[in-house]
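One structure below.
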Amino acid sequence: MTRRIRPAHESETPGTIPAFRSEVSIAFERAWSAIPKDGLVPDKADLRPERFAPFLRNAYLVELHDEPERRVLFRIAGEVIRNALGVDLRGRNYIDFVPGEHRDTSGTSMKLMFGAQPCGRWVRKEVVHSDGFRQILELTQLPVIGRASGLQLVLGIAEGFGEDVAHTSDGRFRFECLDHEQFIDIGAGVPE
């Protein structure tokens, strides 16, 4: 089955490099697709770490809420993410790590993953550390539902964190605006 990826938002900046999903991103989607499910979105109860063994060091799980102070709560962040950022993100709100002018809208497009056309999401954005060091990240995100609790969860991987970077992570960083976003068709099309 061919999966269609349709741009939802792209940077209009001249000279930018077009975005292409990596083989790791596609393999992560395949591992997610193999989760037994009723419908298009798997239940959190059916997540098994062994299915995602190659991705666990770069994986994260976030919980979505409507309230800005809890909009995108980290539940799990893999070792590579923790080491690269210098902080354990568990229980932290993603919104606390974005520039003030973007806090009202940051993370809101993740809710589209649970809409009338459930879908995945691929994003390219930059992390800027307190020492000025910048890293381009590619995030592959797929929906998971907590049927018993009604929670909307996003399982993702972050590619682009180097393990031997020449800067010291001190827990002070910010996620810059996305440079590229695509929705991934998981069987229902993608949002318009």
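Find the relative contact order for the chain and round it to a whole percent, using C-alpha pairs within less than 8 Å whose residues are 6+ positions apart.
29 percent
To the nearest 10 degrees, how steeply does helix 23-33 sit against the main Cα axis of the chain, on a 0 to 90 scale?
40 degrees
For region 33-78 and region 94-163, write down the distance between their C-alpha centroids in whole Å.
12 Å
Applying the Karplus parametrisation 6.51 cos²θ - 1.76 cosθ + 1.60 with θ = phi - 60° to the phi angles of region 113-120, what ³J(HN,Hα) value in whole Hz is obtained for each residue in order, glycine and proline being reported as x?
5, 10, x, 4, 10, x, 7, x
Can you give the helix-only mean residue ellipticity at 222 nm for the chain, where every DSSP H stretch with n ≥ 4 adds -39500 (n - 2.57) and the sum goes over all residues, rounded to the nearest 500 deg cm²/dmol?
Value at 222 nm, helices only: -2500 deg cm²/dmol.
For region 55-71, take each phi angle, set θ = phi - 60°, evaluate the Karplus expression 6.51 cos²θ - 1.76 cosθ + 1.60, and give the result in whole Hz per residue in order, putting x for glycine and proline.
Whole-Hz 3J(HN,Hα) from phi for region 55-71: 10, 4, 5, 10, 8, 8, 10, 10, 10, 9, 9, 7, 6, x, 5, 9, 3.
Cβ neighbours within 10 Å, averaged per peptide: list 27-33, 42-48, 138-144 in order, most packed at the top.
138-144, 27-33, 42-48
For a protection proxy built on the mean count of beta-carbon atoms within 10 angstrom, sort 110-117, 98-105 highest first, please.
110-117, 98-105
Using +1 at the Cβ of each Lys and Arg and -1 at the Cβ of each Asp and Glu in region 21-185, identify which of Gly150, Tyr60, Gly120 lies farthest towards the dipole's positive end.
Towards the positive end, the residue furthest out is Gly150.
For the chain, with only Lys/Arg (+1) and Asp/Glu (-1) charged at the beta-carbon, what is the dipole magnitude about the Cα centre, in debye rounded to 20?
Roughly 520 debye for the chain.
Read the figures in this text as sums done on the coordinates, not as results from a lab. Just so it is clear, the structure is predicted and the values come from calculations on it, not from any experiment. With ideal geometry, Cβ positions are generated from the backbone for all residues, glycine too; neighbour counts draw on all protein chains shown.
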